[in-house]
Amino acid sequence: MPGLRIVGVKVHVLKPQEFTGEATRINVPSALIRIITDEGVEGVTMLEEAVYAEELVEKFKTIKSWLRGVEEFTPLIGVDPFDRERIEKSLWHQYFFQRSAPTVLCALDECLWDIAGKALKMPIYKLIGAYREKIPAFASTQSYGSVEDYVKVAEECVEDGFKAIKIHPPRYWRRDIEVCRAVREAVGDDITLMLDPFHAYTREEALRVGREIERLGFYWYEDPIPTTDIEGLASLCRALDIQVLTGENIHDLYGYAELVLRGAADGFRCVDVNVGGITGMLKVAHLAEVFGMSCELHSWGHPWQQAAHLHVMLAVRNCSFFEMPYPMGIFDQGTRDTIRIDGDGYVHAPRKPGLGLDVDWSEIEEKTIKVISWPD
Ligand SMILES: [Mg+2]
């Protein structure tokens, strides 16, 4: 075993990404985060919002001496990067990172997994324990102005080789039903369809739309009503046969337990920045597995985020699809190791060690606004 020690953290704050296509994301500076070890192995990931990465460094820099004395607090510098559970338990401390804890933890956790993979020369999914080598992808499409546009994009997805498509509808329930009917008619019954109205409906509207997409043979119904309407979700799950998924905006691990206990989801959605990275996603996926539920991971994001989710998807049994941002490549930056589908609509396991992405340093240097380091 390598006897590695963490010696520093470096954050490259990047210019806001200039999106091509119709990406709906906010345009704020993102950040490349590097955790550096004494033997030169570096863990690297990216955060969509640099503010969290800057906070990570600033808070470590200004830790009050009394906190250093708290038994559970683990300073990052000098610690073995393989001690993930110990480091991360310490960072959940509410008085230290407070509400930013899951996002900050996500960046650290994914760097630590990247270090582990690179040190042992293995891709992360193998390190966790591989379940498969490839997974089908669905095209995660955006919101469009007309029914015709939805049909056109769905047909393009099929031409590109996707066998599954998720619709983000206009979020007016009658129009949404029109969109679902038109897309189903255009792509035929062999294409898997999902609907994600992103919490748009009342309970009554959710039931009406749910009954219709059930009739149209949709595969999942995601976030029809707010995740906090536990009672509404539970009654929707009882009323519909189609699987109702929710959870991607739960900001800690414990919210998932509530969904299980109240019968308020047939399966989970889960995103790394809300549950503390790969380690958090594994915990949520395993919780779901015990209750016979799916855990569909939310890989809509930049290449590092896509890779982190992909490694977990390849190492758990209860995830059925990779979420591919559509058009493919809209979030690519900072690396040439991009994730794409093959001719059958599958995404394959990364082959390089760790997360499997090499940094394109010339692009990162060109986009870097400032670099912050700890220790200085
Ligand atoms: Mg969603």
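Nothing in this text is a laboratory measurement; each read-out follows from the coordinates by a stated rule. As the structure is a computational prediction, the values presented were derived from the model and not from experiment. Glycine gets a Cβ as well: all are built from the backbone with ideal geometry, and neighbour counts include every protein chain shown.
Points worth noting:
- Nearest 10 degrees, 0 to 90: helix 50-61 Cα axis against the chain principal axis: 30 degrees
- For q = 0.08, 0.09, 0.15 Å⁻¹, Debye-computed log10 I/I(0) when each Cα of region 183-337 counts as one equal scatterer: -0.23, -0.29, -0.80
- Legend: ranking of residues 293, 194 from fewest to most surrounding C-beta atoms inside 10 Å; resulting order 293, 194.
- Scoring 361-368, 110-117 by mean Cβ neighbours within 10 Å over their residues and listing the highest first yields 110-117, 361-368.
- Which of 157, 271, 372, positive extreme of dipole for the chain (C-beta unit charges): 372
- Set of lysines with alpha-carbon distance to residue 152 below 22 Å, sequence-local pairs under 8 removed: 163, 166
- Here's the list of lysines a cross-link from residue 15 could span, going by alpha-carbon distance under 26 Å and ignoring same-chain residues fewer than 8 apart: 59, 61, 367, 370.
- Estimated purely from DSSP H runs of n ≥ 4, each contributing -39500 (n - 2.57), the mean residue ellipticity at 222 nm for the chain is -11500 deg cm²/dmol once divided by its residues.
- Built amide H within the under 5 Å cut-off of residue 319, gap 5+: 295
- Cα-based radius of gyration of region 125-194 once divided by 2.2 N^0.38 Å, which approximates compact folds: 1.32
- Local net charge near residue 225, Cβ-Cβ under 9 Å (Lys/Arg +1, Asp/Glu -1): -2
- Packing-based exposure ordering (other Cβ within 10 Å, fewest first) of 28, 13: 28, 13
- Charges were assigned to the Cβ only: +1 to each Lys and Arg, -1 to each Asp and Glu. The resulting dipole of the chain about its Cα centre is roughly 720 debye.
- At R0 = 30 Å, FRET efficiency that the Cβ-Cβ distance of residue 18 and residue 251 yields, to 0.05: 0.55
- q = 0.10, 0.14 Å⁻¹, the chain: log10 I(q)/I(0) [Debye, one scatterer per Cα]: -0.64, -1.21
- The orientation-averaged shadow of the Cα convex hull for region 270-376, equal to a quarter of the hull surface, comes to 8.6 nm².
- In Hz, Karplus ³J(HN,Hα) per residue of region 114-126 (6.51, -1.76, 1.60; θ = phi - 60°; x = Gly, Pro): 5, 4, 4, x, 5, 5, 9, 6, 9, x, 4, 4, 6
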